[in-house]
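The values are calculated or read from the model by the stated rules, or taken from the named source; none is laboratory data. Everything quoted here is computed from the prediction, not taken from an experiment. Glycine also receives a Cβ, built like all others from the backbone with ideal geometry; neighbour counts cover every protein chain displayed.
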Amino acid sequence: MTISAGTFIRLTLLVLIGVVLQLAVVSQLMFFDSNADLAPLIVLSVGLLAGPVAGSITGFAAGFVVDMSLVQTVGLSSLLLTGVGYLAGRYRELRDASNSLVPPVGAALATLAFSAAFSVTQFLLGVESSVSPLLIRDFLVEALLNTLLAIPVFAVVRAILRPSLVEPNRPRRRSPLSGVRITTSS
Amino acid sequence: MYKKSVRRRRAVLAVLVGLSIALLTAYFGESASGGLHAVQRGFMEALAPLQEGASRALKPASDFGGWFGDVFDAKSDNKKLKAENERLRAELAASQTAQREASELRALVGLNRSDGFPNGYRRVAARVIGRSPTVWYSTITINQGSSDGVRSDQPVVTGDGLVGKVSAVSSNAAQVTLITDHTSGVSGEVVPDGASGLVKARVGDPSDLLLDFVQKGRPVAKGATVVTAGWRSSRLESLFPRAIPIGKVTRVDSTERELYQRVHLKPFADLRGIDIVQVLVGSQAAPGTERAQVVP
């Protein structure tokens, strides 16, 4: 995907709206003391739809906005989400990413990997408090919630990026006479 | 062509990873008044109106989602609360009697002091407009900032008890680090037993705090209340005033090999479901002293 000015604006708005929704609404919806995290979902979706370059740039930008708006360690979320976006984009290049199971399975894996990597870096940076084993339950609940949200988030991101995608999934219509499927082309 | 695209992809990744590491290093290297911290405060200020708007507009949806979790909790809480209510009623009667006696005794010795927490503070009510999504950063964003008198390190409470302290301020918003954050440390005291220690978080479990460094042999009863100790020395004074309720003792761990007991508490304030908080503003440190916090 070529990152034009239009695509850049769309990705910027997507990241900003996603982060504001995450902080103001999604983080306040608790299920079993955990909540969904939209940032890895958005980055994963962009990577799967637009490839590793757009995925990693979106990951970096989303992480930067999250770290800045939450007044937390700057650069940490950027580093990890860059990896999520890049790997999702590489998957798109190497395997068939059009399967409908890819977003939910990818969301579960990306969320678990992001949470685990975030925790490891926190330990490396130094944690003085004790850590409860319930942290693992939080990871699993978060991954489950993100899996459930993956399909709608993927659909929203695809709708936003559709004009920029090289091979958009254009709706196919059936010929009224022959019943033969006709794919519209630009 | 393919090689060019591979080189471009790898170059972008290398630049972004390098930039992230540079940001991390710069952030750790600078003080709280440094450039990146200032940009963070700017971000918070710019996003606060958007967050507040989104939070207000989507409050019904957020409440609806929260309702499911509350229904599960309400049934189990009901029995416990009834039992606690009976116990508290008995304690209230005893405490009112003791209070009357104490005020009579104070009048006798000429002391003029009013009880209740916290004295000398003005309370600024604020709405929670944002919350950190990760368990590693237990923070909330509130819709009151420096223009309302809110400053860094001021204590934040709800009607139930201590919530945390203000950690960053912009003109229209502030960030509060909760007592469940791994960087938080509050001096606490068990009442009425008097054992004291440091209240720390347990990452991953917001309903379990730890009162650490309690001397072995000091009696700590299950169900006892832990309040802020509000210590003061010749040069330093605690950020948190004395007697703000923190939580209730749920269990005590003590092994022969350890020097201290580890007391587990359940915080009084519902830290995962707070909508409104109060910032305690206005009180100055005593002359010749500075405010300080014990770090875990």
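For the range A:83-96, the count of residues that are β-branched (Val, Ile, Thr) and under 17 Å from residue A:157 (Cβ atoms) is at least one. Scanning the range A:130-186 for residues that are polar (S, T, N, Q), modelled with pLDDT under 90 and surrounded by 14 or more Cβ atoms within 10 Å (Cβ to Cβ) gives A:130, A:132, A:164. Every listed requirement among (1) within 14 Å of chain B (Cβ to nearest Cβ); (2) in contact (Cβ under 8 Å) with a residue 12 or more places away in the chain is met by residue A:74 save one, (2).
None of B:168, B:125, B:173 is touching a residue at least 12 places away in the same chain (Cβ under 8 Å) and surrounded by fewer than 20 Cβ atoms within 10 Å (Cβ to Cβ) except B:125.
In the range A:132-156, of all residues being touching an Asp or Glu at 6+ places or on another chain (Cβ under 9 Å) and free of Cβ contacts under 8 Å to residues at least 40 places away in the same chain, the one that is nearest to residue B:184 (Cα to Cα) corresponds to A:132.
Filter the range B:176-205 down to the residues that are acidic (Asp, Glu) and more than 10 Å from the chain's Cα centre (by Cα), then identify the one that is surrounded by the fewest Cβ atoms within 10 Å (Cβ to Cβ). Steps first, please.
The initial filter retains those residues of the range B:176-205 that are acidic (Asp, Glu), namely B:181, B:189, B:193, B:205.
Still in the running and more than 10 Å from the chain's Cα centre (by Cα): B:189, B:193, B:205.
Values: B:189: 23, B:193: 16, B:205: 21.
The extreme case among them is B:193.
Going by what's in this entry, would residue A:9 be described as more than 10 Å from every other protein chain (Cβ to nearest Cβ), without any contact (Cβ under 8 Å) to a residue 12 or more places away in the chain and among the β-branched types (Val, Ile, Thr)? So residue A:9 passes the test.
Taking the range A:27-42 as the range and being at the interface with another protein chain (Cβ under 7 Å from one of its Cβ atoms) and not in a strand (DSSP E or B) as the test, the residues that pass are A:27, A:28, A:29, A:30, A:33, A:35, A:37.
Elements of the type strands (runs of 3 or more DSSP E) sitting completely within the range B:130-196 and holding at least 2 residues that are of a type in the set (A, V, I, L, M, F, W, C) and more than 27 Å from residue B:213 (Cβ to Cβ): these cover B:139-142, B:162-169. It is to be established whether one or more residues within the range A:43-54 are within 8 Å of another protein chain (Cβ to nearest Cβ) and over 23 Å from residue A:159 (Cα atoms). Scanning the range A:43-54, I find no residue that is within 8 Å of another protein chain (Cβ to nearest Cβ) and over 23 Å from residue A:159 (Cα atoms), so the answer is no. Remark: residue A:107 falls outside the filter, which requires a residue to be buried (at least 19 other Cβ atoms within 10 Å of the Cβ), closer than 29 Å to residue B:210 by Cβ, of a type in the set (A, V, I, L, M) and within 15 Å of the chain's Cα centre (by Cα). For the range B:124-140, which positions are touching an Asp or Glu at 6+ places or on another chain (Cβ under 9 Å), over 18 Å from residue A:32 (Cα atoms) and small (Gly, Ala, Ser)? B:126, B:130 - these are the residues of the range B:124-140 that are touching an Asp or Glu at 6+ places or on another chain (Cβ under 9 Å), over 18 Å from residue A:32 (Cα atoms) and small (Gly, Ala, Ser).
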